[in-house]
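Quick note: the coordinates plus some simple rules give every number you see, no bench work behind them. Every value quoted in this text rests on a predicted model; they were computed, and no experiment measured them. Reconstructed Cβ throughout: ideal geometry from the backbone, glycine too, with neighbour counts over all protein chains shown.
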Amino acid sequence: MMSYDTDVPPHLSAQRATPPAPVDDPKPNTAMLKGDIDSGRSGDKVEVFDPGMAMLGTCEEAGGNALSPKDIARARFAEIKERWRLSPRKPGYAHDHLDPTLALYVGFIGVAGVGLSAAIWLVRAGV
């Protein structure tokens, strides 16, 4: 019998996802697109398997408009390279660096609180 650190055994969704075939693969499919996203190659999520109720492309296929390999290749290119081309943030920014936005927001709230407290104190002091 295997022993685990917790009562809950590990599951597949906690496993790191490996990137699929290169972006310039001649016959891409929707599983490759999902693999790009799950592996973190698209830059907007951590590289962990993400189970889904319906795989990418299922709705299009059910509606009679299955995606062509050309459409999938264009989507993979847009998801991996084109998406971040003009962005000031680089792919994976949230996972590798600290985002100063939260610190600036908390600092602003702190400064506003001190200013408001000082204004109330000055009004009460009769200055």
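Some notes on this structure:
- Potential lengthening of the chain between Asp71 and Val23 amounts to 16.0 nm, from the contour at 0.36 nm per residue minus the alpha-carbon distance.
- Take each peptide in 46-59, 111-124, count the other Cβ atoms within 10 Å of every residue, and average; sorted highest first, the result is 46-59, 111-124.
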